[in-house]
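Laboratory data are not the source of any read-out in this text; all were calculated from the coordinates shown. Treat the numbers as computed from the prediction; the structure is a model and nothing was measured. All Cβ positions, even for glycine, are placed from backbone atoms using ideal geometry, and neighbour counts span all protein chains on display.
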Ligand code: ADP
Ligand code: MG
């Protein structure tokens, strides 16, 4: 089911009576979620992810704009009639019911033409339980399950009605690191097997990047960028997006473009064809640095960290806007490091320029 948001907006009245300022939680969102895809809604806490999800679900009413499921305008349709399955961070299972009863619950409430026979409900419950691999646990109570198992039950319950759209609000936040990894792979598998259009909310960029067909990056209720995870990482629209995606994070320097040459400090580091003279922020991905004894960029060496496959060089530079710079290099190149400073050349396609004031991307004609 394709989901289309048209100028979707949500304004909350002020919580603080004195200031009286409204909160624009979601500001004029227009985008389309293609049928059968998994979309990651991504951004820091408070940026409007849950509000967007709840408007898609019907639990919250938009202040403006429309929501379409396929060709159908569902903006005024009640949550029960939208054909959605919802999963929350805190599982929200009924503690006194078994797994089976929890999954059956939404089916027992079906009325009219959707009403199911008892046999059909039980068959359906087993079917979704098998899908999320909890069919061995049907007679247990939630308290007898691990966090990961509880979340699977919550997903099974959301799938029981065969929703047109599956909505997940930070579903992995309460799980420990290993379970989080495992469960996100599970969600991806279930989504692929069912082909249900899925919206996955998270503040964790790595999580969103790893399982989404498309990510929607948001900040303070404003859409920043939409695209395939790798495309957004490789081609950020602004400094916020560049900083939000990637571990280790992008390194930011203040720089100057003069006569189509980019300077960081005194060093002419890269050509900047077709860019006017100006001060800029320079974003350099950790993997952009290449150890090069004749390279233009000199940094003071703090430390060399070996983490599994990766060798990262921790260093400093006066023009850096962050306290430290982190460069990830080839493990084999490590022997070339000696002394108190390191010299780098840069991979041009991993270096991005941003306006000093508006922080929007400045594109060069050759150097991306
Ligand atoms: P996220 O899920 O990205 O953390 P939310 O969608 O929950 O963000 O919230 C977005 C903004 O809207 C925040 O500033 C939040 O404080 C505000 N907000 C959310 N719900 C309400 C509400 N019921 N009343 C007033 N403000 C709200
Ligand atoms: Mg939220």
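Relative intensity of region 291-339 on a log10 scale, I(q)/I(0) at q = 0.30 Å⁻¹, equals -1.31, per a Debye sum over C-alpha point scatterers of equal strength in the absence of solvent.
On a 0 to 90 degree scale, rounded to 10, what angle separates helix 147-160 from the longest Cα axis of the chain? So the helix axis and the longest Cα principal axis differ by about 60 degrees.
DSSP bridge analysis restricted to the chain gives an antiparallel fraction near 75%, rounded to the nearest 5. Ranked for footprinting exposure by Cβ neighbours inside 10 Å, fewest first, 11, 199 give 11, 199.
When only alpha carbons are used to place a centre, region 316-340 and region 205-228 end up 29 Å from one another.
If you take the Cα centroid of region 19-49 and the Cα centroid of region 173-187, the two points sit 23 Å apart.
Relative protection proxy for 142-151, 293-302, 108-117, 160-169, from highest mean packing down: 160-169, 142-151, 293-302, 108-117 (other beta-carbon atoms within 10 angstrom).
Our estimate of slack between residue 19 and residue 71, defined as 0.36 nm per intervening residue step minus the Cα-Cα distance, is 14.6 nm.
Calculate the FRET efficiency for residue 300 and residue 210 from the Cβ-Cβ distance with a Förster distance of 35 Å, rounded to the nearest 0.05.
Working: r = 34 Å, r/R0 = 0.98.
After rounding to 0.05, the efficiency reads 0.55.
Put a dot 7 Å past the Cα of residue 293, heading toward its Cβ, do the same for residue 115, and the two dots end up 8.5 nm apart.
The tail of the calculated P(r) for the chain, taken as Cα-Cα distances beyond 36 Å, holds 37 percent of the pairs. Along the Cα-to-Cβ line of residue 12, 7 Å from the Cα, sits a label point; which residues in region 25-41 have backbone N less than 13 Å from it? Taking a point 7 Å out along Cα→Cβ of residue 12, the residues of region 25-41 whose backbone N falls under 13 Å are 25-26.
Residues 360, 209 in ascending order of nearby Cβ atoms (within 10 Å, fewest first): 360, 209. Using C-alpha pairs below 8 Å separated by at least 6 residues, the relative contact order for the chain is 15 percent. Protection proxy ranking of 64-72, 276-284, by the mean of other Cβ atoms within 10 Å over each peptide's residues and highest first, is 276-284, 64-72. Once the Cα atoms are used to define both axes, helix 177-194 deviates from the longest principal axis of the chain by about 60 degrees. Taking the Cα atoms only, what angle lies between the long axis of helix 118-131 and the longest principal axis of the chain, rounded to 10 degrees? So the inclination is approximately 20 degrees.
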